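Written below as structure tokens is the structure these notes are about.
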Amino acid sequence: MKYRMGILATLLGLVLFQIAGAIVIPQDESNKPDNTDAKKTEDNRTPKAASDSTISVRIKVSVQGMKALPTGSTIQLKGNQDACKEAVEREQPIQSGQATFEDLPVCAVRLWIYITGFSSQTVKVDLANYKDPLQIMVKSNGPPVVKWQ
């Protein structure tokens, strides 16, 4: 009889232990971690900017099969008023394979690449996804290849 009571007490304890483990006790809201503060970041990525903020964009341009760009090569940037909340149009010479555009609104723009001795090339880029630097490789045949660093 003593053994039956011991076995019964043990079984009852195990059942109560399983029930207690299955009951979820709500946590106090102040003890929960705040997941809104945890944001993913990527190396070299510019932060998402407000619609009226500006960024600087550095563009590296190369030509397939060439070590250096011919002199007189330029890059033109255009953004329309609908996408950029203002009309944006700028042109820069490409020096040492690079051009930098300062104070650009964060919007989608088109880049026209004029390399001496090549046909002009056009690339559409959304500056909201900009990572420094934007690399563009112009091919002798086909569209340019855009790489975000």
Percentage of interatomic Cα-Cα distances in the stretch 106-149 larger than 18 Å: 28
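Compute, for the stretch 66-123, the length of the dipole vector about the Cα centre, with Cβ point charges of +1 (Lys, Arg) and -1 (Asp, Glu) only. Units Debye, rounded to 20. Don't jump to the answer; show the numbers that get you there.
Working: 5 positive and 6 negative charges, 51 e Å.
Once rounded to the nearest 20, the dipole reads 240 debye.
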Cut-off under 5 Å, modelled amide H: who pairs with Glu91 long-range: Leu77
Semi-axis lengths (Å, descending) of the ellipsoid that matches the C-alpha gyration tensor of the stretch 61-146: 23, 13, 12
Probe 1.4 Å - accessible area at Glu86, Å² to nearest ten: 100
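The values are calculated or read from the model by the stated rules, or taken from the named source; none is laboratory data. Quantities reported herein were computed from a predicted structural model and do not represent experimental measurements. Every residue, glycine as well, gets a Cβ built from its backbone with ideal geometry; the counts of neighbours run over all protein chains shown. Heads up: the accessible areas ignore ligands, DNA and RNA and are worked out on the full protein's heavy atoms, side chains in. Shrake-Rupley method; radii C 1.70, N 1.55, O 1.52, S 1.80 Å.
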